[in-house]
Every structure is written in C-alpha cells, then in structure tokens.
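**Student:** What follows is a single structure, and I will ask about it in a moment.
Just so it is clear, none of the values below were taken in a lab; they were calculated from the coordinates. Just so it is clear, the model here is predicted, and its values are computed rather than measured. Quick reminder, even Gly has a Cβ in these numbers, built from the backbone with ideal geometry, and neighbours come from all protein chains shown.
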Amino acid sequence: MFEVIGCSLITILPDYLYRRYGQGKRIGHEITLFSVWYVLRYGITACAILTLTLITIIFYYHPSTTNVSSFYRTISILPESNGRVSEIYVTTGQEVKQGDPIFKIDDSTQVANLEAAISAVAEIDAALVLVVSQLAVAEATIAQAKASRDQTANELQRKQDIFKRNPDVVTDKELDSLTQLLANKVGAYDAAVANRDGVITQKELVLPAQKKSAQSHVVEAQVALDKTLISAGVDATIFQLALQVGDIVNPMFRPAGIMVPESDNEGSFIAGFGQISASVIKEGMIAEITCASKPFTVIPMFVSRVQDVIASGQFRPSDRLIDTQDVVRPGTITVELTPLYEGHTDGIISGSNCVANLYSNHHDLIASGTLGFGMKTYYHVTDALALVHAILLRSQALLLPVRTLVLSGGH
C-alpha cells in the first residue's frame with residue numbers, strides 16, 4: 001500500500017495534472033471510470049512497474065519473515081532402568097535445582113545385590129586372615145619335612161660309609177630302603193615348599209584380585225542402587241509429571257515427564273528467511289521484531305549467527321535412494337537474532353511467534369570509494385527504503401491485536 005501511494009505521487013499524479021491542466025480534461029467529463037485507464041495509461045503503467053521494482057528491492061535487501069520464534073529445549077524425565085515407582089518428590093510446575101530428587105523406583109533388588117557384594121568382600125577379608133595362618137602352617141611343614149629329609153640323608157650317608165669299610169655289616173637291601181626313603185623325604189619337602197608358594201600366591205595375588213573384583217561389584221551394585229533415584233541434571237521446571245506411586249516406568253515406552261531447563265540463550269530468537277535472501281543476510285545486520293505475546297512493541301535486534309546449511313537438505317542413510325522431488329518444502333535460511341539492548345525481550349514468553357525484518361546497510365561499501373555515482377545513488381536509495389519496511393512492521397504491530405482478536409475470531 002505504501003509503495004503504491006508513493007509511486008503514484010511521481011507517476012499517476014503528474015500524468016493527471018498534465019491531462020487536467022495541459023489538455024483540459026476534467027474528471028467526470030473526459031476522464032471517467034471507463035476512460036481513466038486509457039487517459040492515464042502512461043502514469044498507471046509507470047506506477048505499476050515502479051511499484052513492483054520498489055517492492056522487489058525492499059523485500060530483497062530488507063527481507064521479512066513471519067517464521068520467528070524463541071525456541072527452548074526440553075529434557076525428558078526417564079529412568080535408566082524399568083521399575084515400580086515407590087516415592088515421588090515433586091509436582092508439575094515445580095522448579096528444581098541440579099541434583100534435586102524427582103522420583104524413586106523400588107530398590108529392593110538393588111539393595112539385596114549391594115548387600116551380597118559387601119558380603120563377598122567380607123568373605124575375602126576373612127580368607128586373607130585365614131591365609132596368614134595357612135602360611136605359618138606351611139612354613140612349619142617345610143621345617144619338619146626339611147629336618148626329616150636331612151636326618152634320612154645323614155643316616156644314608158652313615159650306612160654308606162660303613163658299607164665301604166665293611167660290606168658284611170650293612171646289606172644292599174638296607175641301603176636301597178634308605179635311598180628310597182630319602183627320595184620320599186625329598187618329595188615331601190618339595191611338596192611342602194610348593195604348598196607354601198601356593199599359599200603365598202593365594203595371599204599376594206589371588207585373594208587381592210578377588211577382593212578388587214568384589215569391590216568393583218560393590219561399586220556396580222551401588223551405582224545400580226543410585227540409579228533408582230531419578231534426580232534433576234540441571235536447574236529446570238517440571239511439566240506433565242503424571243506419575244503415581246505404584247506406576248511402572250520404562251525408558252523404552254514414554255517419559256515420566258518433561259523438564260524445561262533455564263535457557264542459556266534466553267532472549268535469542270530463531271528466524272527462517274527465504275533462500276533468495278541468502279546473499280544479503282550477514283552477521284551483524286540490524287533487525288526488528290514484534291511478537292504476539294508482547295503487542296504494540298517493536299524490539300531492535302541484530303543477526304548474531306547465520307546457519308550455513310539449510311535444514312531441508314539433510315538426510316539419513318537408509319535402504320532407499322534419495323529423490324529430490326520428495327523434498328516438498330524448499331527450506332529456509334536459519335538466522336539467530338539477539339536483542340540489541342539487554343532486557344528488551346523481557347515479558348516475551350518462550351515459544352512466542354513473531355514477525356521480523358532485517359535491514360541491509362551499505363554504508364561501508366559506499367564510503368569505500370570503489371563505487372561510481374550511479375551505484376552510490378542506488379545503494380543510498382536501497383538503504384533509505386528500509387524506512388518503508390520499518391513503517392510496515394509498525395503497522396503490523398498496531399494491527400496484530402485487531403487481526404488476532406477481531407478479524408480472525410480469536411476472541
């Protein structure tokens with residue numbers, strides 16, 4: 001509307017003034033509803049062309065969109081294992097801090113497993129005490145076997161000396177018996193040493209390893225017990241918590257509720273602009289938004305980030321080939337808008353739908369001295385036309401409550 005009015009002032013109006021005062025044609029006589037299209041054909045045609053050109057320049061260099069919202073993330077409240085709810089500590093709408101308990105599932109099985117693991121550690125500690133006594137017994141057995149072996153060896157040596165001096169006193173059978181007995185004593189001694197080494201291995205390697213394994217089972221059982229208490233991982237507000245004591249929860253089926261954490265980027269808005277504006281949208285551009293949840297207010301913003309990919313082009317590998325005609329919607333350029341002044345977005349509810357304008361600024365390009373007179377004029381006019389778009393946005397801000405409450409039947 002503003003574009004048509006402005007263009008008609010420099011096209012249709014001069015044409016009419018020429019027809020009226022230059023050619024003497026009057027409204028209602030020579031200029032009627034049926035002849036005006038022919039009489040003022042040059043002004044009307046020029047107005048239409050100029051209006052279309054003006055609208056194209058405005059919407060290209062100063063893009064606008066209604067796809068603006070202050071997105072926020074949610075966290076599903078899920079247990080890590082299934083079980084029956086035994087206690088509930090919060091209600092819907094309650095604010096929680098990081099670490100606050102939300103609900104608890106029955107932990108009788110986990111408690112029993114933890115007690116069993118602790119008992120296994122205690123058994124190994126008792127075995128470590130017992131193995132000390134076994135080591136003392138093994139050392140005594142070695143000493144006894146060594147003494148018996150040495151005694152038999154001395155006896156055999158004495159008999160062999162006698163046999164050498166007087167073979168008639170000691171028989172071969174006695175020497176064979178003593179030799180066999182000595183071999184048995186040596187075997188008994190080696191067995192006692194091996195038994196002691198086994199006890200040492202049991203004390204220094206086997207039992208400590210078993211204890212370490214049992215202690216890890218204790219930790220594992222404690223972790224499983226801790227998982228029965230579901231706590232908040234961040235500062236957030238609880239929503240849609242429809243649990244009752246006795247309900248069975250399962251992480252594979254549905255969440256127990258939803259947490260909306262305190263936003264780290266509160267005040268930021270995500271906007272989607274047409275792909276044709278990709279070449280003019282830059283970080284740092286000045287923008288303005290107006291939101292339904294805060295009517296009659298225009299908030300100055302700036303472009304803090306431009307996403308360099310379009311969401312509609314993403315795909316996941318599957319067993320089907322990609323056909324581009326399946327992408328019905330062309331997708332938009334995703335832009336993050338941040339308030340130019342702190343506190344201006346206070347009062348806008350997260351998730352609100354808004355309208356946004358971006359305004360191109362070619363001041364640096366004009367001041368660089370690389371442009372001719374024609375291009376400088378063109379960019380000056382382009383930047384000045386941002387005023388038209390700003391007026392349109394303020395008109396939308398004024399008419400939004402009327403359109404929403406009256407014309408759309410929202411009341």
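**Student:** From Cα pairs below 8 angstrom and at least 6 apart in sequence, can you work out the relative contact order of segment 108-227, rounded to a whole percent?
**Tutor:** 51 percent
**Student:** Using +1 at the C-beta of Lys and Arg and -1 at the C-beta of Asp and Glu, which of Thr91, Ala145, Asn113 has the Cα lying farthest in the positive direction of the dipole of the chain?
**Tutor:** Farthest along the dipole direction, towards plus: Thr91.
**Student:** Can you give the Kirkwood hydrodynamic radius of segment 108-227 from its Cα pairs, in Å with one decimal?
**Tutor:** Computed over segment 108-227, the radius equals 18.2 Å.
**Student:** Here's something else I'd like to know. Just to be sure I understand: with springs between alpha-carbon atoms less than 10 Å apart, which residue in Thr201, Thr91, Thr338 has the highest mean-square fluctuation in the Gaussian network model of the chain?
**Tutor:** Looking only at Thr201, Thr91, Thr338, the biggest GNM fluctuation is shown by Thr201.
**Student:** Please tell me which of these pairs span more than 32 angstrom C-alpha to C-alpha: Lys185/Lys211; Lys146/Lys203; Lys104/Lys212; Lys146/Lys212; Lys104/Lys294; Lys185/Lys212?
**Tutor:** Where the Cα-Cα span goes over 32 Å, the pairs concerned are Lys185/Lys211; Lys146/Lys212; Lys104/Lys294; Lys185/Lys212.
**Student:** From largest to smallest, what semi-axes in whole angstrom does segment 156-221 give when each is the square root of 5 times an eigenvalue of its alpha carbon gyration tensor? Could you put the intermediate results ahead of the total?
**Tutor:** Values: eigenvalues 577, 13, 3 Å².
Working from the Cα gyration tensor, I get semi-axes of 54, 8, 4 Å.
**Student:** Something else now. Angle between the Cα long axis of helix 373-384 and the longest principal axis of the chain, 0 to 90 degrees, nearest 10?
**Tutor:** 80 degrees
**Student:** Can you list the aspartates and glutamates whose alpha carbon sits under 14 Å from that of Lys97, skipping same-chain ones fewer than 8 residues off?
**Tutor:** Excluding near neighbours in sequence, the set is Asp235, Glu262.
**Student:** Okay, next question. Give the long-range amide H neighbours of Ile31: residues separated by 5 or more places, or on another chain, with amide H under 5 Å away, using H modelled in the peptide plane at 1.01 Å from N.
**Tutor:** Counting only residues 5 or more places away or on other chains, the set is Arg26.
**Student:** Once amide H atoms are built 1.01 Å from N in the peptide plane, which residues 5 or more positions from Ser352, or in another chain, come under 5 Å H to H?
**Tutor:** Excluding prolines and chain starts, which carry no amide H, the hits are Ser70.
**Student:** If you don't mind, another one. Which log10 I(q)/I(0) values does segment 106-155 give at q = 0.23, 0.24, 0.30, 0.32 Å⁻¹ under the Debye formula, counting every alpha carbon as one identical point scatterer?
**Tutor:** Computed log10 I(q)/I(0) values: -0.82, -0.84, -0.98, -1.02.
**Student:** Let me ask something additional. Check which residues have an amide H placed less than 5 Å from Arg305's amide H, if you skip close sequence neighbours.
**Tutor:** Glu336
**Student:** Then there is this: What is the Cα centroid distance between segment 325-369 and segment 183-213, reported in whole angstrom?
**Tutor:** Going from one Cα centre to the other spans 78 Å.
**Student:** May I ask you to evaluate 6.51 cos²θ - 1.76 cosθ + 1.60, the Karplus curve with θ = phi - 60°, for each residue of segment 83-99 and list the ³J(HN,Hα) values in order in whole Hz, giving x for glycine and proline?
**Tutor:** Per-residue couplings from phi come out as x, 9, 5, 10, 8, 10, 10, 10, 10, 4, x, 7, 8, 10, 9, 4, x Hz.
**Student:** Taking θ as phi - 60°, what are the ³J(HN,Hα) couplings along segment 41-58 by the Karplus curve (6.51, -1.76, 1.60), each to the nearest whole Hz, with x for Gly and Pro?
**Tutor:** 5, 5, x, 5, 5, 5, 5, 5, 5, 5, 5, 4, 5, 5, 5, 4, 5, 4
**Student:** About the Cα centre of segment 167-206, what is the dipole size in debye to 20, counting +1 per Lys and Arg Cβ and -1 per Asp and Glu Cβ, all else neutral?
**Tutor:** With Lys and Arg at +1 and Asp and Glu at -1, about 280 debye.
**Student:** Under the definition of Cα pairs under 8 Å and six or more residues apart, what whole-number percent is the relative contact order of the chain? All intermediate terms of the calculation are to be shown ahead of the outcome.
**Tutor:** On the way: 567 pairs, mean separation 99.3, N = 411.
Result for the chain is 24 percent.
**Student:** In whole angstrom, note down how far apart the Cα centers of segment 53-82 and segment 85-144 are.
**Tutor:** 51 Å
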